[in-house]
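One structure is given here, and the rest of the page talks about it.
The values are calculated or read from the model by the stated rules, or taken from the named source; none is laboratory data. In this text, all values refer to a predicted model and were calculated from it rather than measured experimentally. Counting neighbours? That spans all protein chains shown, and the Cβs are built from the backbone with ideal geometry, glycine included. Areas reflect the complete protein model, heavy atoms only, side chains present, ligands, DNA and RNA absent. Shrake-Rupley method; radii C 1.70, N 1.55, O 1.52, S 1.80 Å.
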Amino acid sequence: MDTAEEPTDASLGLPPGFALIAEDPELGPAVASCLAEVEKQLRGAISNSDPLADATSRHLVEAGGKRIRPLLTILASHLGDSTRPEVVQAAVVVELTHLATLYHDDVMDSAPYRRGAPTAHEVWGNSVAILTGDLIFARASILVSELGGEALGIQARTFERLCLGQLHETVGPREGQDALEHYLSVIADKTGSLVAASGQLGALFADTPREIIDVMVSYGEKVGVAFQLADDVIDVTGLKVKSGKAPGTDLREGVPTLPVILLRRAAAEGDASAADVIALVDGDLASDDALAEAVAAVRSHPQTQEAWAFAQRWADDAVVALDPLPDSVVKQALASFAQAVVSREV
């Protein structure tokens, strides 16, 4: 779910979906202070006495990032006692976990760039990149072990889902399994699980009631899926400035995404125009001209608009999940973020 740098609020460096936080005279400075401490501890957590391990571990941290997961941890903590030191440590844990998965994902996807910089495997090779991801996850595990058994359980179950999501994406749907069902389960595991854990840990260490923790789990899962759905549609609509990837990267690599899944379903049901687009998608996309033609065809087909609507429904469900929370700036900001992930203001 992480891509190139996005526009941010000028005063705090927050994604625009969280503009309400920046405008609040009490919450804004508190969140900014916590994020600064997260960044400090994050860099400390990945530092190594070994020069190679230090350079490879710092590679993605220094490339930047939106830090959405630690931000959700911090925001969730403001539903309770946000001053507890465990909150910042939990925020560092979720970002370290996210970073570790990026090293692995980039090897799996043979991605040449991440956050505008050459990926670690392009610089040091696949083995070093994989081991760096493992090393960063080890650091996250050390930190989460200090937070106690419940946090350790959340982390372990989340990492299990991250691995299963990547495994299932790699092998594809089981025989007879619906392609859309498989796709949704993959992105729920690969993206939704860690976003959900981010809010869950923030609420847990702010000592909020169990029902509030459950709200953040439900919200995080749904908003994470909405984010990835939108990201996949963006890839085939050619909005490189928003996604950080060249338009059609997923098409060229044969990665199943929502617009193509919906197009295949429509073609199987007899939609001739969808079948024509699928013929382009399944053709030789090695040349830039062929890829551009396929991207344009997918972008202009009505099934892509249906894909946007599908992502929007997940965002709307994320907002509904917040209903049990009392009205507050935090609740409003979380709702705004859910909508912003689809409009891709963030």
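Below is a table of values for the structure above.
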item	result
Accessible area (Å², 1.4 Å probe, nearest 10) - Asp276	100
Within the accessible area of the range 190-346 (1.4 Å probe), percent carbon and sulfur	54
Helix 258-268 vs. the chain, principal-axis angle (Cα, 0 to 90°, nearest 10)	30
Equivalent-ellipsoid semi-axes of the range 97-165, from the Cα gyration tensor, Å, largest first	25, 12, 9
Gyration tensor (alpha-carbon) shape descriptor, the range 55-132, a/c threshold 1.5	prolate
Principal-axis tilt of helix 193-205 within the chain, Cα atoms, nearest 10 degrees	20
Whole-number accessible area per residue in Å² for the chain, which is evaluated in the context of all protein chains at 1.4 Å	41
Rg/Rh for the range 225-346, where both radii come from Cα atoms and Rh is the Kirkwood radius	1.07
The chain: calculated mean residue ellipticity at 222 nm from DSSP helix runs of at least 4, using -39500 (n - 2.57)	-23000 deg cm²/dmol
Alpha carbon centroid spacing (whole Å) that separates the range 176-231 from the range 275-345	17
Taking the C-alpha atoms of the range 154-273, convex hull volume expressed per residue in Å³	129
Relative contact order (%) - the range 59-194, alpha-carbon pairs under 8 angstrom, separation at least six	22
0 to 90° range, to nearest 10: angle between helix 51-63 axis and the chain longest Cα axis	70
Relative contact order (%) - the chain, alpha-carbon pairs under 8 angstrom, separation at least six	21
DSSP loop GluC sites (Glu not before Pro) with at most 14 other Cβ within 10 Å: longest gap in the chain	27-145
